[in-house]
Amino acid sequence: GGNAAPGKSINTHIELVQRLSKNNKIGICYDTCHSFASGTESFLDDLESYKKDIGEVDLIHLNDSKDKHHSNRDRHELLGKGEVGLERIISLVKVAEKDNINIILETPGNNSIWNSEIKMIKKYLA
């Protein structure tokens, strides 16, 4: 999300991955807070761009953001408690489930909080 981050936009990230993957086997980890902080308009559009131009996303780091859209600040927040909002997060999780993309919950807290977040997300998938 930061201004000096390589691959800050989806297009420059795809270009970076394409260049690096010519000589290396690499995967894509999509981070919701990073994407939101760098100004992405749609997580789902980003996933489609990766599929079209690279092939797949291997992993999602799922989190909300303490900071406003396009803030260039990577500060994670609990799901549904930040600026990203639960609706965007749930729609991404549904696509990840359909496309069999692994998700790692990457929010602040402890096991009790994380268990609650996981239960909440699963409720929307049922």
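The values are calculated or read from the model by the stated rules, or taken from the named source; none is laboratory data. These numbers come from a predicted model, not from an experiment. Using ideal geometry, Cβ is built from the backbone for each residue, glycine included, and neighbour counts are taken over all protein chains shown. Quick note on the areas: whole protein, heavy atoms, side chains included, nothing else; ligands and nucleic acids left out. Shrake-Rupley method; radii C 1.70, N 1.55, O 1.52, S 1.80 Å.
What the table shows:
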item	result
Within region 26-95, GluC sites (Glu not before Pro) in DSSP loop having at most 13 other beta-carbon neighbours inside 10 Å	41, 56
Listed residues 89, 26, 54, most fluctuating in the chain (Gaussian network, C-alpha, under 10 Å)	26
The chain: angle of helix 43-53 to the longest principal axis, Cα-based, in degrees nearest 10	30
Heavy atoms of residue 124 accessible to a 1.4 Å probe, total area in Å² rounded to 10	90
Phi-based couplings in Hz for region 116-126 (Karplus 6.51, -1.76, 1.60; Gly and Pro marked x)	5, 5, 5, 4, 4, 4, 4, 4, 6, 8, 6
Net charge of Cβ neighbours under 15 Å - reference residue 68; Lys, Arg +1; Asp, Glu -1	-1
Region 56-126: trypsin sites (Lys or Arg not before Pro) in DSSP loop, at most 12 other beta carbons within 10 Å	68
Expected 222 nm ellipticity per residue - DSSP helices of 4 or more, -39500 (n - 2.57), all of the chain, to 500	-14000 deg cm²/dmol
Scattering curve values for the chain, log₁₀ I(q)/I(0), Debye with Cα scatterers, q = 0.17, 0.18, 0.20 Å⁻¹	-0.86, -0.96, -1.16
Solvent-accessible area of residue 58 with every protein chain in place, 1.4 Å probe, in Å² to the nearest 10	60
Charge sum, other residues only, whose C-beta stays under 11 Å from residue 36's C-beta, Lys/Arg counted +1 and Asp/Glu -1	-3
Relative compactness, region 52-126, computed as alpha-carbon Rg over 2.2 N^0.38 Å	1.12
Interatomic Cα distance distribution for region 2-70, bins of 10 angstrom, percent	20, 56, 22, 2
Simple Cβ-charge dipole of the chain, Lys/Arg +1 and Asp/Glu -1, about Cα centre, in debye nearest 20	160
